[in-house]
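What follows is one structure encoded as structure tokens, with my remarks underneath.
The values are calculated or read from the model by the stated rules, or taken from the named source; none is laboratory data. Since the model is a prediction, treat every value here as computed from it, not as a measurement. Every residue, glycine among them, receives a Cβ derived from its backbone with ideal geometry; neighbour counts consider all protein chains shown.
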Ligand SMILES: [Zn+2]
């Protein structure tokens, strides 16, 4: 395959190439041609452009199944954390065709979206919220005609190439079991995974597993860390049991003990609307770092904006993240120039803190959770994902090159936009978007990831 006279578009030389599919872990050279990996060899390669990867890890580009950013600003932040494909699969969108059209001029990294029950319900129920439901989309029961319209729009989204189906029960508390069953039936009929933010706790997981079992829908339980908290071990066991019984159930986690969501959303208002001052102290207003009380909760609810939710422990986060069941997915959250540090630090934090410092994951396991596992989750519906998440000849040239000895997140709740250190080069479809740990400006090699239409 590697003819000595070939001059590649770009060569990556002398890096430690790690591929979780083949378990390859050796110093090799890679040649890129027309956006694909065209050579992977220990022989010398020539290219028009050279990346010196000596002393660095060469891994498949990181794939994120859960990203609420989806703007040029966040695509840039995500690329600096090694992400080459980022997908909004939980909230999703209500208009799949428009969502892809808005990005068709090109983006920095690969992107994609689900058809989202939350967003479709907002549209059908005429909810006034811009990001999440704040009125009838959350709190009003849908009529049989409205449920039929929700189903029709979701099926339309799938025909338009939605990657999966998104849903979040705490954001739509008025949705009846009948409505949820209708949504799960859409997933089952089309064999599309439903990426679900469950009602928190083991009862919520049981509810989701029953809905999936009754309809035979594939299920991805999103951010098991923030949905399980102290129940993390038992809920991981429930997923493991379901899988042992042949059920198509998978899950994901992000490496932070605090979550973030919109203060005006039902999931915050229903839990904290009449909570004690002590309970309200779990909430942090990120712009000032202050913990909330009754007065400030009411005041910031009127203003609206992201809120930090301190409800988990580092021990439970580690239990979620190091389980062989979990995919790493950031739940990146970013609005108006601010958001959660997981937007910029998820992948570098796993590599720096869990692999190098705590040694609670091997490097290959961590790479598998960031690349091969998310690609495999989507392959049945999106065959193009078979060319991502691996390093082999014929795969897409989405590649992340990092220094295992120094990689580390730097972003914090107060300074969430600080980019990590140690993510040295990021290549998307053969084009450098990060070089020497700096963003390359003005490049848009990212392509849509979409189910066949
Ligand atoms: Zn969520």
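Collect the residues in the stretch 289-335 that are surrounded by fewer than 16 Cβ atoms within 10 Å (Cβ to Cβ), touching a strand residue (DSSP E or B) at 6+ places or on another chain (Cβ under 6 Å) and closer than 30 Å to residue 361 by Cβ, keeping them in residue-number order. Answer for the stretch 289-335, where residues must be surrounded by fewer than 16 Cβ atoms within 10 Å (Cβ to Cβ), touching a strand residue (DSSP E or B) at 6+ places or on another chain (Cβ under 6 Å) and closer than 30 Å to residue 361 by Cβ: just 310. A search for C-beta distances below 8 Å between a residue of the stretch 410-428 that is at positive phi and any residue that is surrounded by fewer than 20 Cβ atoms within 10 Å (Cβ to Cβ) and not in a loop (DSSP other than H, G, I, E, B), counting only pairs 6+ apart in sequence or on different chains, returns 422/408. Among residues that are under 17 Å from residue 171 (Cβ atoms), over 21 Å from the mean Cα position of the chain (by Cα), within 15 Å of the ligand (Cβ to nearest atom) and crowded, with 16+ Cβ neighbours inside 10 Å, residue 222 is not included.
Test residue 132 against the criterion of being surrounded by 23 or more Cβ atoms within 10 Å (Cβ to Cβ) and assigned to a helix (DSSP H, G or I), and give yes or no. So residue 132 does not fit the description; no.
Each residue in the stretch 198-219 was checked for being buried (at least 24 other Cβ atoms within 10 Å of the Cβ) and within 12 Å of the ligand (Cβ to nearest atom), and 1 pass. State all residues of the stretch 244-262 that are under 19 Å from residue 194 (Cβ atoms), in contact (Cβ under 8 Å) with a residue 12 or more places away in the chain and away from the ligand (no atom under 14 Å from the Cβ); if no residue qualifies, say none. Of everything in the stretch 244-262, those that are under 19 Å from residue 194 (Cβ atoms), in contact (Cβ under 8 Å) with a residue 12 or more places away in the chain and away from the ligand (no atom under 14 Å from the Cβ) turn out to be 247, 248, 249, 250.
Taking the stretch 49-68 as the range and being within 16 Å of the ligand (Cβ to nearest atom) and assigned to a strand (DSSP E or B) as the test, the residues that pass are 64, 66, 67. Annotation: of all residues in the stretch 310-331 being within 16 Å of the ligand (Cβ to nearest atom) and under 19 Å from the mean Cα position of the chain (by Cα), the one that is farthest from residue 371 (Cα to Cα) is 317.
Within the group 86, 74, which residue is buried (at least 23 other Cβ atoms within 10 Å of the Cβ) and closer than 19 Å to residue 223 by Cα?
Working: 74 fails: closer than 19 Å to residue 223 by Cα.
Unique residue meeting the criteria: 86.
Scanning the stretch 28-53 for residues that are under 30 Å from the mean Cα position of the chain (by Cα) and loosely packed, with under 14 Cβ neighbours inside 10 Å gives a single hit, 34.
Please list, ordered by first then second residue, the pairs with beta carbon atoms under 6 Å, 6 or more apart or interchain, first in the stretch 217-238 and more than 15 Å from residue 249 (Cα to Cα) and touching a residue at least 60 places away in the same chain (Cβ under 8 Å), second within 16 Å of the ligand (Cβ to nearest atom) and assigned to a helix (DSSP H, G or I). Close Cβ pairs (under 6 Å, with a partner that is within 16 Å of the ligand (Cβ to nearest atom) and assigned to a helix (DSSP H, G or I)) amount to 225/317; 225/320; 228/235; 232/320. If you go through the stretch 150-178 and pick out every residue that is over 23 Å from residue 379 (Cα atoms), more than 16 Å from the ligand (Cβ to nearest atom) and out of contact with any strand residue (DSSP E or B) (no Cβ under 8 Å at 6 or more places or on another chain), you end up with 7.
Only one of 358, 375 is under 20 Å from the mean Cα position of the chain (by Cα) and in contact (Cβ under 8 Å) with a residue 40 or more places away in the chain; which?
On the way: 358 fails: under 20 Å from the mean Cα position of the chain (by Cα).
It is 375.
Once the stretch 181-197 is narrowed to residues that are outside any loop (DSSP other than H, G, I, E, B) and touching a helix residue (DSSP H, G or I) at 6+ places or on another chain (Cβ under 6 Å), the residue that is nearest to the ligand (Cβ to nearest atom) is 196. Of the residues making up the stretch 69-102, those that are in a loop (DSSP other than H, G, I, E, B) and either within 16 Å of the ligand (Cβ to nearest atom) or free of Cβ contacts under 8 Å to residues at least 12 places away in the same chain (or both) are 69, 70. Residue 344 - would you say it is in contact (Cβ under 8 Å) with a residue 24 or more places away in the chain, under 19 Å from residue 269 (Cα atoms) and not in a loop (DSSP other than H, G, I, E, B)? Against the criterion (in contact (Cβ under 8 Å) with a residue 24 or more places away in the chain, under 19 Å from residue 269 (Cα atoms) and not in a loop (DSSP other than H, G, I, E, B)), residue 344 does not qualify. Listed here are the strands (runs of 3 or more DSSP E) enclosed by the stretch 249-306 that have at least 2 residues being within 23 Å of the chain's Cα centre (by Cα) and modelled with pLDDT of 95 or more: 249-253.
Let me confirm something: among 410, 386, which residue is modelled with pLDDT of 95 or more, closer than 20 Å to residue 19 by Cβ and in contact with a helix residue (DSSP H, G or I) (Cβ under 9 Å, 6 or more places away or on another chain)?
On the way: 410 fails: closer than 20 Å to residue 19 by Cβ.
Of the residues listed, the single one that is modelled with pLDDT of 95 or more, closer than 20 Å to residue 19 by Cβ and in contact with a helix residue (DSSP H, G or I) (Cβ under 9 Å, 6 or more places away or on another chain) is 386.
For residue 319, state whether it is part of a helix (DSSP H, G or I), touching a helix residue (DSSP H, G or I) at 6+ places or on another chain (Cβ under 6 Å) and within 23 Å of residue 88 (Cβ to Cβ). Considered against the rule, which asks whether it is part of a helix (DSSP H, G or I), touching a helix residue (DSSP H, G or I) at 6+ places or on another chain (Cβ under 6 Å) and within 23 Å of residue 88 (Cβ to Cβ), residue 319 comes out as no.
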